[in-house]
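Below: one structure, written as structure tokens.
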Amino acid sequence: MSIKPLKGIRVLDLTSVVVGPACSSRLAQYGAEIIKVESPEGDLMRGLGGASPTGQHSGTYLHLNRGKRNICLNLKQAGAREVIDRLVKTADVVIANMRPQALVKLGIDSESILREYPDKIYCLITGYGTDGPYAGEPTYDSVIQAATGMTGLSLARDGVPRYVPMLICDHVVGEIAAGSILSALYYRRETGKGASLEIPMFETMSAFVLQEHLAQQSFDPPVGPGGDQRLLSTHNKPVQTADGWISFTVNTDGQVRAFLGTVGKTDLIGDQRFSTVAGRAENVKEWFEIRGAPLLEKTTVEWLADFRAADIAAKPCHTLETLPKDPHLQAVGLINYEMHPTEGKTAWIRSTVNFNGNYLDAGTPSQPKGWETRRLLEELGFAFEAIEDLVSTGAALAV
């Protein structure tokens, strides 16, 4: 049975690329009706995510835009304004990640909409908020990674700043935005009032970094340098085996004893530097040298068996080629295949949220640009002649 906890909630999605679509994608999985408004130029991620059979649906676009109804409008055209007005009127939630100045110019900013419809929930996802010196500046995930010190963590550990090779900031902030919208929906149910939400990427990801790495500088006066020295150790990385790489973590005293026994370092089990959490924290450099030493005596499979027997958290280091073949992911059916209306056979990734014993509905395939333009215009009450006029003037694009 399909479970849709947000059934009946309509979301007007004015977002593109990754952070906004990640937010609305999660709401779609919860059962909200998502109306994705796309420009005639198209969402940049249609092409940025890599090649596709038609050039219109990159893999990234496919996965982030499932379960959404697509209407294509040229918001610079006067005729499109009435369409947006009707969409806003019928929506419960409006999500935008355009620059605030552009939203004001188009009249679809939070203040304008809530002035007319005080019961709406408006969520603005920004790069740097709207009240600081960086407000209104353009940004992308990689820039946020640098600005928040994420690349600086690699610099401290490896001597070279590096990006996380995925759009981690976009995904994290998108999920937080979805959560904030859920809280606002609950607030509206209790008070009858709408809400204006703003989720800045810079502050949000900076908070994540600082929650872990402000560390000993969290006190006044500081009791030591900033940075979690375990995570910043040059030895905090996967460990090489005879035929590959393995990842494991041991944190409790019992896990450490089991690890030392498993790798043949029984002489260190009674060493006071490593036998307690406090001891390992004080001697973190030496401990991570021991923990991060190569394990070349056995293969990855052999070490995994040994660690499993010792109840140590360990797994192989998958690659992009091996991850889809992981036996657990295959057993639980994370990746599936279907026929897309224009792209042929495509993979789709099911929801990972299990609700009352069932995974949430992943929704229908992502739609080509303007796929439901005519249908949505009809639902909004536009007559046939008016629809044809919107299409012929370029205010709307329909497939």
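Odds and ends about this structure:
- Working note: 222 nm ellipticity from helices only, DSSP H runs with n ≥ 4, each -39,500 (n - 2.57), summed and divided by the residues of the chain, gives -11000 deg cm²/dmol to the nearest 500.
- Loop GluC sites (Glu not before Pro), the range 1-107, which have at most 14 other Cβ atoms in a 10 Å radius of their Cβ (DSSP): 41
- Projection of the Cα convex hull of the range 122-183, averaged over all directions and equal to a quarter of that hull's surface, yields 5.2 nm².
- Evaluated with a Cβ-only charge set (Lys, Arg +1; Asp, Glu -1), the range 239-316 carries a dipole of roughly 160 debye about its Cα centre, given to the nearest 20.
- Set 7/120; 237/325; 7/36; 237/345 screened for pairs whose C-alpha atoms are more than 27 Å apart: 237/345
- Overall, the range 294-399 carries a charge dipole of about 320 debye about its Cα centre when +1 sits on the Cβ of Lys and Arg and -1 on the Cβ of Asp and Glu, all other atoms neutral.
- Calculation over all alpha carbon pairs of the range 239-316 in 10 angstrom steps from 0 returns a P(r) of 20, 55, 24, 2 percent.
- Value of relative contact order over the chain, rounded to a whole percent, pairs C-alpha under 8 Å and six or more apart: 21
- Net charge dipole, the chain: roughly 460 debye, given to the nearest 20, about the Cα centre with Cβ charges of +1 for Lys and Arg and -1 for Asp and Glu.
- For residue 308 and residue 189, a Förster radius of 41 Å and the Cβ-Cβ distance give a FRET efficiency of 0.30, rounded to the nearest 0.05.
- P(r) tail fraction, the range 57-127 - alpha-carbon pairs more than 20 Å apart, %: 37
- Arranged from fewest to most other beta-carbon atoms within 10 Å of their beta carbon, 220, 311, 13, 141 become 220, 311, 141, 13.
- Legend: calculated FRET efficiency, residue 168 to residue 379, from the Cβ-Cβ distance at R0 = 35 Å, rounded to 0.05, equals 0.40.
- On the principal axes of its alpha carbon atoms, the range 49-167 extends 54, 43, 24 Å, with the longest extent given first.
- Taking 0.36 nm per residue of separation and subtracting the current Cα-Cα distance, fully stretching the chain between residue 265 and residue 210 would add 16.3 nm.
- Normalised contact order of the range 265-399, rounded percent, pairs of Cα under 8 Å and 6 or more residues apart: 10
- Low-density loop cleavage sites - GluC sites (Glu not before Pro) in the range 242-300, where at most 16 other Cβ are within 10 Å (DSSP): 297
- Per-residue extension of 0.36 nm, minus the Cα-Cα distance of residue 247 and residue 321, leaves a gain of 24.9 nm for this segment.
- Debye-formula intensities of the chain, expressed as log10 I(q)/I(0) at q = 0.06, 0.07, 0.10 Å⁻¹, are -0.32, -0.43, -0.82 (one equal scatterer per alpha-carbon, no solvent).
- Alpha carbon centroid spacing (whole Å) that separates the range 31-81 from the range 190-266: 36
- At R0 = 25 Å, FRET efficiency that the Cβ-Cβ distance of residue 82 and residue 102 yields, to 0.05: 0.85
- Annotation: amide H of residue 126 within the under-5 Å range of 199, 201, sequence separation 5 or more or interchain, hydrogens built in the peptide plane.
- Neighbourhood charge, 12 Å Cβ-Cβ cut-off, centred on residue 395 and excluding it, Lys, Arg +1 and Asp, Glu -1: -1
- Each of 234, 126 was scored by other Cβ atoms within 10 Å of its Cβ. Listed from fewest to most, they are 234, 126.
Bear in mind that the values in this text are calculations on the coordinates, not laboratory data. Note that this is a predicted model, so its numbers are computed, not measured. As a convention, Cβ positions derive from the backbone with ideal geometry for all residues, glycine included, and neighbour counts pool all protein chains shown.
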